[in-house]
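The values are calculated or read from the model by the stated rules, or taken from the named source; none is laboratory data. Predicted model only: the values in this text are computed from it and were never measured. Cβ coordinates were reconstructed from backbone atoms using ideal geometry, including for glycine residues, and neighbour counts include every protein chain displayed.
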Amino acid sequence: MKDIHLIALTVNGEEHEIVVESRRTLADVLRHDLGYTGTHIGCEHGICGACTVLLDGQPVRACLVFGVQADGCDVRTVEGLSDGEELSDLQKAFSRCHGLQCGFCTPGFLMLSEAYLSEQDGVPDEAQVREVMASNICRCTGYQGIVEAVRQVAEERAG
Amino acid sequence: MVKYDIPSSSERSEDKDTEWSVVKPAAFTYHRAYDVNDTIAQLAELGPDAKILAGGQSLVAMMNFRLARPSALVDITRIGGLDFLAKDAGGLRIGALTRHRTVETTKVDGFEVLSKAARWIGHYPIRCRGTFGGSIAHGDSTAEWCLLTVLLEAWIVLQGPRGRREVPATEFFHGFFMTAAEPDEMIVEVRFPRPAPHAALTEFSQRQGDFAVVAASARLDLAENEILTSRIVLGGVGPQPAVVDVDLAGQPANEETWRAAGEAAAAQVDPPSDGHGSGAYRKKLTATLVARALAEAAA
C-alpha cells in the first residue's frame, strides 16, 4: 500500500497540484513528476549539492527534503533564473568567468550562489565566498571560475 | 506528467505495479504535526518504529542509503514557536527547531562559542535546513552541538506522554546514535544554565564540512591569568562525547599549560581506527586540537 499525498507547490512562479508518494524526494518530484530536469542529481545523500534549489528562499539539498514537505511552499530551480532567453547576471558571470566546464554541477552552484548573494548586505571577501562554494562539488575542479563569477556578481549587485 | 521508459532505480523489482519508479528510501507513511502534543500523540499511535522528521539533514541521507528504515515519519517542521534563542535567568534556551544557521548568525553575550562553532557544521545549505534539536536527537559523537551541550552542562528538555522532563546532556548520549530520549518523546528545547565567555570548539576533517576526525572543545573560568576551573570534551575518540579528566585549576593560562593539557588528554583516550584515521593519528590530533581549543577559549 503506497502512502500518497496530494500536494500543491509553486515552482518558479507556476502552481502545481500533484499526487506524490511520501518517499519521493523533492529532487525526484521536480525532475520526474514535474519535468524540471535542470535540477541535477548526483550523490543523493547531501554531499555534492548538485540538486540545490531554493525552498521558500532557503537553499536546500532537494535530495534531503521529501516532496511532500514542499506542500504549500515556493520552490525556485535553475529554470527560474533567466528571464526568457535573457540569462541572469549570475548566469552571465558564470559564462564570462568560465565557471562551468561539463556543466553538471552548474545548476546547484547557481542556486547556492543565488541564495548566498541574496542574503549579503555588502561584498563578501574571497575567503567567505570560498567557504560557501565548498558546499558543492565540481568534479571538473573548476572552482576558480565559480568563485570569480560569484565575487563579480556580489560587486555588481552592491553597485 | 513526464514519463520515462527506463526507470533507473533500486526499486525496480519492488514496485512492479508502477509504470516507473525512482526512489531511494524504503517506504514509510508521512504524517505532519502542528504542535508538540500532536507530535507525541502521533508517535504513540504509530509505535516505536516511527521517527520524528525535523531538518532531515542526517535522517534523510541515512534513509536514502536505507541505513534507516522508519515505518513512519512525523514531520515537525511546521510546529510554530520552537525556533528561538532566549536569554533566561542568566542562561540560554534554544528551541528544538532553531536552524543551525540562526544560531550561527545570532550573537548572544557569553555564548559566542555557539555561533562560532556553528560554522563547523556541514555546509551553508545544510545549516540553513538542519535543526539544533535534530542534531541532539541524532546523537552523532562528532556533532558540534552534542559536544557543546556536554561541555556547557546543558539540559535536554523532552516532552512525552508522561509529561516534561529534563535530562543532563552528560547523561543523554548513550553512544552510536542512541540517546536517553524514548521513542515517544520529543526534544522541545535545550537549556544552557550559565554563560561561557571562555569557551571554544575546534576540529579537523579531511575536507571542509566533513564529519570531524577529532573535535575538541574547552571551557575555562579565568581570574586574571590564572585558571579557576576547566572542562574539556572530545568528539571522534569514542561512541559518544568524551569528558576528559584533566583539571587545570590553579595553573597559569599560557601556551605551556595548553600543550601539557593536550598531551594529558591524548594519554587518556583510546580512539578507534577507521578509514578516516588510525587510533594513533587520532591521539596526535587530540593533543593538537585540545591545545588549540584551550588557547582559543582563553583568548
The one condition in (1) surrounded by fewer than 20 Cβ atoms within 10 Å (Cβ to Cβ); (2) at negative phi that B:Lys51 fails to fulfil = (1)
Please specify each residue of the range B:118-139 satisfying the condition of being in a loop (DSSP other than H, G, I, E, B) and either within 14 Å of chain A (Cβ to nearest Cβ) or β-branched (Val, Ile, Thr) (or both).
-> B:Arg119, B:Trp120, B:Ile121, B:Gly122, B:His123, B:Gly130
For B:Glu203, work out the one condition from (1) assigned to a loop (DSSP other than H, G, I, E, B); (2) surrounded by 15 or more Cβ atoms within 10 Å (Cβ to Cβ) it doesn't fulfil.
-> (1)
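Any idea which residue in the range A:60-76 is farthest from the chain's Cα centre (by Cα), counting only those that are of a type outside the set (Gly, Ala, Ser) and surrounded by fewer than 24 Cβ atoms within 10 Å (Cβ to Cβ)? If you could, list the steps in order and put the result at the bottom.
Initially, the range A:60-76 is screened for residues of a type outside the set (Gly, Ala, Ser), giving A:60-61, A:63-66, A:68-69, A:71, A:73-76.
After this cut, where a residue has to be surrounded by fewer than 24 Cβ atoms within 10 Å (Cβ to Cβ) as well, the list is A:71, A:73-74, A:76.
On the way: A:Asp71: 18, A:Cys73: 15, A:Asp74: 13, A:Arg76: 7 Å.
Filtering the range A:60-76 for residues that are of a type outside the set (Gly, Ala, Ser) and surrounded by fewer than 24 Cβ atoms within 10 Å (Cβ to Cβ), the one farthest from the chain's Cα centre (by Cα) comes out as A:Asp71.
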With respect to B:Ser115, determine if the residue is over 27 Å from B:Met63 (Cβ atoms), part of a helix (DSSP H, G or I) and modelled with pLDDT of 95 or more.
-> yes
Could you list, in sequence order, all residues of the range B:77-97 that are closer than 9 Å to B:Thr131 by Cβ and either surrounded by fewer than 19 Cβ atoms within 10 Å (Cβ to Cβ) or within 14 Å of chain A (Cβ to nearest Cβ) (or both)?
-> B:Thr77, B:Asp83, B:Leu97
Any idea which of (1) within 11 Å of chain A (Cβ to nearest Cβ); (2) buried (at least 16 other Cβ atoms within 10 Å of the Cβ); (3) not in a helix (DSSP H, G or I) is the one B:Met63 doesn't satisfy?
-> (3)
Quick one: is B:Glu171 assigned to a loop (DSSP other than H, G, I, E, B) and over 28 Å from A:Phe66 (Cβ atoms)?
-> no
Taking the range A:75-116, which residues are more than 18 Å from A:Ile137 (Cα to Cα) and within 14 Å of another protein chain (Cβ to nearest Cβ)?
-> A:Val75, A:Arg76, A:Glu79
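Could you list, in sequence order, the residues of the range A:55-74 that are within 17 Å of A:Leu112 (Cα to Cα) and either more than 10 Å from every other protein chain (Cβ to nearest Cβ) or not in a strand (DSSP E or B) (or both)? Write out each step before concluding.
Quick first cut of the range A:55-74, residues within 17 Å of A:Leu112 (Cα to Cα) only: A:55-65, A:74.
Listed by number, the residues that qualify are A:Asp56, A:Gly57, A:Ala62, A:Cys63, A:Leu64, A:Val65, A:Asp74.
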Out of B:Gly139, B:Gly80, report the one residue that is touching a Ser or Thr at 6+ places or on another chain (Cβ under 9 Å) and of a type in the set (Gly, Ala, Ser).
-> B:Gly139
Considering residues of the range A:7-36 that are under 12 Å from the mean Cα position of the chain (by Cα) and in a loop (DSSP other than H, G, I, E, B) only, the residue surrounded by the fewest Cβ atoms within 10 Å (Cβ to Cβ) | A:Asn12
Residue that is nearest to the other protein chains (Cβ to nearest Cβ), among those in the range B:211-228 that are free of Cβ contacts under 8 Å to residues at least 24 places away in the same chain and not small (Gly, Ala, Ser) | B:Asp221
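Restricting the range B:228-249 to residues that are charged (D, E, K, R) and within 23 Å of the chain's Cα centre (by Cα), which is nearest to B:Leu148 (Cα to Cα)?
Restricting attention to the range B:228-249, the residues satisfying the condition of being charged (D, E, K, R) are B:231, B:245, B:247.
With within 23 Å of the chain's Cα centre (by Cα) added as a condition, the list becomes B:231, B:245.
On the way: B:Arg231: 11, B:Asp245: 16 Å.
Looking at the filtered set, the residue picked out is B:Arg231.
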Identify all residues within the range B:142-159 that are out of contact with any helix residue (DSSP H, G or I) (no Cβ under 9 Å at 6 or more places or on another chain) and assigned to a loop (DSSP other than H, G, I, E, B); write none if there are none.
-> B:Thr142
How many residues are farther than 28 Å from B:Phe177 by Cα and either in a helix (DSSP H, G or I) or not polar (S, T, N, Q) (or both) if we restrict to the range B:240-290?
-> 14
